Amino acid sequence: MDSPSKNEEIDSSQDPVKEQVEEVDEKPSDDVDEKPSDDVDETPAEDGTQPEFEEAEVSAPTKKATEPGLIYISYLPPDMTPLFVRTIFSKYGDVGRIYMQADLKQKRKTKAKYDRGNFTEGWIEMGDKKLARRLVMTFNNTLITDGKRTKFCNYLWNVKYLPRFRWTHLTERLAHEREKKNQMMQVEYQQAKKETSTYKSLVESSKKLASIQERKAKKGEVWKAPKPRKVRQRKTVEEMQAAKKRANGGKSNADEPRQKVLKSIFG
């Protein structure tokens, strides 16, 4: 048998390679159809670990913030302090600011403070206005107790819920009352200062007159006291009406309309 030539061996060895290349060319390319994603990089890291993807944060629904509510106490028994009131109301919820009006009739030595003194009325700020409304409905016209018998057990709560009333309104009212009080004190101070200066001037004038009288007496002269200064005052309304009545011959102006009506009727 004749041995195959070298050229035939090369041709036979190249045929399967050509067939594989043709098969690859005929297959559809999946890489061309898929669009590369710009946002996510899926290439593994150098150490072989897969990249971690960040999850989108889902915001939980926010709860509506509670609005504070104010409770007004119209009467406070003697020796009831803000500390006692806070102790009672803090059992039912959050208690904010407390303001109580000090009793002005108490002695100055026993000044009203947080834990002692007498107070007349007060305001309490609760953390939730719904809770404040429920507490008012529960406490009003009930005995003042904190779970045991106390010295206030014979008194009743007189409380009221203040709708649409905030702590700023209370501070504005207190500031207005404080300003009004300062203005009244300033007016009284000016009036007292004026009276004091007038009194001093009168004392000095009396001293001068006394010294003049002494000098006259030493000389043997008769001293005559000066005539008091006459001050012309304005007439009152009653005096002015009486003067008009005398000028009209004893007839008042109130009788004129009546006389006109009678003349128009009877002629």
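All of THR150, THR142 fail the test of being in contact with a helix residue (DSSP H, G or I) (Cβ under 9 Å, 6 or more places away or on another chain), surrounded by 10 or more Cβ atoms within 10 Å (Cβ to Cβ), under 30 Å from TYR99 (Cα atoms) and without any contact (Cβ under 8 Å) to a residue 24 or more places away in the chain, apart from THR150. Only one of LEU170, LEU131 is open to solvent by less than 50 Å² (accessible area, probe 1.4 Å), within 18 Å of the chain's Cα centre (by Cα) and not hydroxyl-bearing (Ser, Thr, Tyr); which? Within the list LEU170, LEU131, the selection yields LEU170. Restricting the first member to region 210-223 and to residues that are of a type outside the set (A, V, I, L, M), and the second to residues that are at pLDDT below 85 and open to solvent by 100 Å² or more (accessible area, probe 1.4 Å), the beta-carbon pairs closer than 8 Å and six or more apart or on different chains are LYS216/VAL222.
Go through region 210-237 and give me each residue that's at pLDDT 85 or above and either in contact with an Asp or Glu (Cβ under 7 Å, 6 or more places away or on another chain) or in a loop (DSSP other than H, G, I, E, B) (or both). Once the filter is applied, which keeps residues that are at pLDDT 85 or above and either in contact with an Asp or Glu (Cβ under 7 Å, 6 or more places away or on another chain) or in a loop (DSSP other than H, G, I, E, B) (or both), region 210-237 yields ARG234, LYS235, THR236.
The values are calculated or read from the model by the stated rules, or taken from the named source; none is laboratory data. Since the structure is predicted, the reported quantities are computational estimates derived from the model, not experimental observations. Ideal geometry is used to build each Cβ from the backbone, glycine not excepted, and the neighbour counts take in all protein chains shown. Side chains included, ligands, DNA and RNA excluded: accessible areas come from the protein's heavy atoms. Shrake-Rupley method; radii C 1.70, N 1.55, O 1.52, S 1.80 Å.
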